[in-house]
Amino acid sequence: MQEFRKVAYYTLGCKLNFSETSTIARELSDLGYAKVDFNEFPDIYVINTCSVTENADKKCRQIVKKALGINSEALIIVIGCYAQLKPKEIASIPGVDLVLGANEKFNIKDYIDQSKRGGLAEVKNENIKTVNEFIPSYSYGDRTRSFLKIQDGCDYFCTFCTIPLARGKSRNTSIEETVKEAKAVAETDIKEVVITGVNIGDFGQGSEENFFKLIQEFDVIPGIERFRISSIEPNLLSNEIIDFVSTSNKFLPHFHIPLQSGSDELLQKMRRKYLTSLYTERINRIRSKIKDCCIGVDVIVGFPGETEEKFMETYNYLNDLDVSYLHVFTYSERANTTAKKMPDAVDMGERKRRSKMLQILSLKKKRAFYENQLGKEFEVLLEAEKEDDYMFGFTENYVKVKVPYNEKLVNQIRKVRLEKIDSEGRVESVLIK
């Protein structure tokens with residue numbers, strides 16, 4: 001065994017990255033590497049990167065600098081989407097020793113022994129077009145819930161997105177193998193599983209298997225009390241999936257459905273696979289089938305060609321739509337994407353103004369949704385976080401609640417009645433049982 005023993009991990013980006021970092025950490029732990037906190041003077045830093053926005057790129061540089069400030073002799077390994085897209089750029093960051101691409105990150109154990117501190121960074125980065133392997137992953141030990149990766153990559157090539165370039169084509173393993181991973185989670189003390197991937201609704205593409213068949217199998221796995229579906233494309237969110245969730249005892253009444261724009265013209269320029277009419281149909285179906293369902297929406301502002309009129313189309317569409325909250329993304333130009341070459345770029349100051357407008361709309365939507373839940377009873381998975389003698393958790397329909405802290409309630413599911421919204425936007429609640 002080589003000299004390095006202590007490893008710290010830092011994850012940027014999505015739930016999928018968290019599931020993969022956790023899996024890599026478990027594999028290294030099995031080989032004798034001790035997982036430590038970022039500030040515990042580790043011998044190795046593993047930084048799992050995202051590259052959805054320019055800010056994520058800058059964040060990677062900041063984390064490398066912070067790591068070197070703690071231990072200037074530490075081995076710095078950068079993995080993930082940014083590492084796949086811009087390996088040479090990362091290799092040029094002072095202090096970085098090893099850069100591993102989309103596939104190579106799962107073989108990190110094979111590279112650590114050979115890596116040296118200082119000098120030129122070594123880059124291991126396979127052409128993403130040749131990556132066919134699917135590596136199952138799930139998170140454990142970092143949070144109350146587990147992020148279970150069921151799918152990777154994407155075949156859609158939306159004009160603003162670098163994900164297909166960073167993660168390759170859509171792929172997954174079989175339902176049988178995916179259920180095995182879920183059963184491994186069920187053997188732990190995890191109570192809730194969040195199903196994640198790049199495009200989870202595309203599970204089973206090109207075969208007789210599909211996402212609907214998968215979640216039917218998940219629904220009967222003993223030992224997992226709650227399943228939550230993460231982001232799913234509106235064109236892949238079928239009536240049968242919605243109807244199934246409406247009757248399931250395990251699948252929670254919560255959907256996160258990307259919209260990106262309320263302008264059909266911009267949706268076509270983005271190369272999305274639906275128009276607002278389909279999106280509205282999905283929302284209406286959910287509302288007719290699932291009482292008190294929480295619905296989140298992704299939306300992009302400042303896409304090329306988004307005039308004030310088209311932005312107001314989006315704003316008014318969302319204002320009228322019965323959804324619960326928004327995730328607002330300010331468009332940023334990404335290398336090697338079609339959108340970067342499009343004319344009629346929106347002024348950055350204008351992008352920020354529009355983003356602020358939608359963020360305020362989101363707060364109003366969320367407040368209205370929370371107020372509509374007051375007085376009702378829900379089950380909450382309580383977490384370890386403590387603040388001012390309170391602990392927190394989420395209801396089935398994703399309302400963040402707080403109750404008086406009791407260490408014995410951590411990772412327990414308890415019924416509460418929602419009482420009032422505090423100044424931070426959380427709901428003070430009373431334990432019923």
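Each value in this text was obtained by applying a stated rule to the coordinates, not by laboratory testing. Since this is a predicted model, take the numbers as computed values, not measurements. A quick note on method: Cβ atoms are made from the backbone with ideal geometry, for glycine too, and the neighbour counts reach across all protein chains shown.
Simple rule: put +1 on each Lys or Arg Cβ and -1 on each Asp or Glu Cβ in segment 140-268, find the dipole, and look at PRO253, ASN172, ILE190; the Cα lying farthest toward the positive end is ILE190. Think of it this way: in the chain, CYS14, CYS50, CYS60, CYS81, CYS154, CYS293, CYS294 stand alone, with no other Cys Cβ under 4.7 Å. First check a/c for segment 377-431, with a ≥ b ≥ c the square roots of the eigenvalues of its C-alpha gyration tensor; if it is under 1.5, answer rounded, and if not, answer prolate when a/b is larger than b/c or oblate otherwise. Oblate, since a/c reaches 1.5 and b/c is not below a/b. 3J(HN,Hα) along segment 132-139, derived from phi through the Karplus expression 6.51 cos²θ - 1.76 cosθ + 1.60 where θ = phi - 60°, amounts to 10, 6, 10, 10, x, 8, 8, 8 Hz, with x in place of Gly and Pro.
Projecting each Cα onto the charge dipole of segment 314-383 (Lys/Arg +1, Asp/Glu -1 at the beta carbon, about the Cα centre), which of MET342, TYR317, GLN359 comes out farthest on the positive side? Ranked along the dipole, the leading option is MET342. Peptides 227-233, 95-101, 201-207 ranked from most to least packed by the mean count of surrounding Cβ atoms within 10 Å: 95-101, 227-233, 201-207. Dividing the radius of gyration of the alpha carbons in segment 252-386 by their Kirkwood radius gives 1.02 for Rg/Rh.
Given the convex hull over the Cα atoms of segment 163-214, what projected area results after averaging over all orientations, in nm²?
Result: 4.2 nm².
Assign one of three labels to segment 6-126, namely rounded, prolate or oblate, based on the Cα gyration tensor with a ≥ b ≥ c the square roots of its eigenvalues; rounded applies when a/c is under 1.5, prolate when it is not and a/b is larger than b/c, and oblate otherwise. In terms of gyration-tensor shape, rounded.
Distant-in-sequence amide contacts of PHE251, defined by a placed amide H-H separation under 5 Å and a gap of 5 or more residues or a different chain, comprise PHE227. The helix-only estimate of mean residue ellipticity at 222 nm for the chain, built from DSSP H runs of length n ≥ 4 each weighted as -39500 (n - 2.57), is -10000 deg cm²/dmol after division by the residue total. Taking the DSSP bridge list for the chain and keeping only pairs wholly inside it, about 35 percent are antiparallel.
Length gain on complete extension for the stretch LYS433 to PHE157, per 0.36 nm per residue less the alpha carbon to alpha carbon distance?
Values: separation 276, 0.36 × 276 = 99.36 nm, distance 4.84 nm.
Length gained between LYS433 and PHE157: 94.5 nm.
Dividing the convex hull volume of the alpha-carbon atoms in segment 342-387 by its residue count gives 187 Å³ per residue.
Put simply, the convex hull of the Cα atoms in the chain casts, on average, a shadow of 21.1 nm².
A simple charge model with +1 on the Cβ of Lys and Arg, -1 on the Cβ of Asp and Glu and nothing else charged puts the dipole of segment 377-431 at about 180 debye relative to its Cα centre.
Using Cα springs under 10 Å in a Gaussian network model of the chain, which residue among LYS408, LYS116, LYS386 shows the largest mean-square fluctuation? Most flexible of the set in this elastic network: LYS408. In the elastic network of the chain, a GNM with C-alpha springs shorter than 10 Å, the most mobile of TYR390, TYR33, TYR138 is TYR390. Here segment 6-126 is treated with +1 on each Lys and Arg Cβ and -1 on each Asp and Glu Cβ, and its dipole about the Cα centre works out to around 320 debye. This model, with +1 at the C-beta of Lys and Arg and -1 at the C-beta of Asp and Glu, gives segment 132-230 a dipole about its Cα centre of some 320 debye.
Here the contact order of the chain, divided by its residue count and restricted to Cα pairs under 8 Å and six or more residues apart, works out to 10 percent. Reported to the nearest whole Å, the Cα centre-to-centre distance from segment 45-118 to segment 314-377 is 31. Each 5 Å bin, from zero up to the one with the longest distance, holds this percent of the alpha carbon pairs of segment 105-185: 3, 12, 16, 16, 18, 17, 12, 5, 1, 0. Each of THR330, SER92, TYR10 was scored by the projection of its Cα onto the charge dipole of the chain, and the greatest displacement toward the positive side belongs to THR330; charges sit on the C-beta of Lys, Arg, Asp and Glu.
The Cα atoms of segment 132-230 give a gyration tensor whose axes a ≥ b ≥ c have a/c of 1.5 or more with a/b greater than b/c, which makes the shape prolate.
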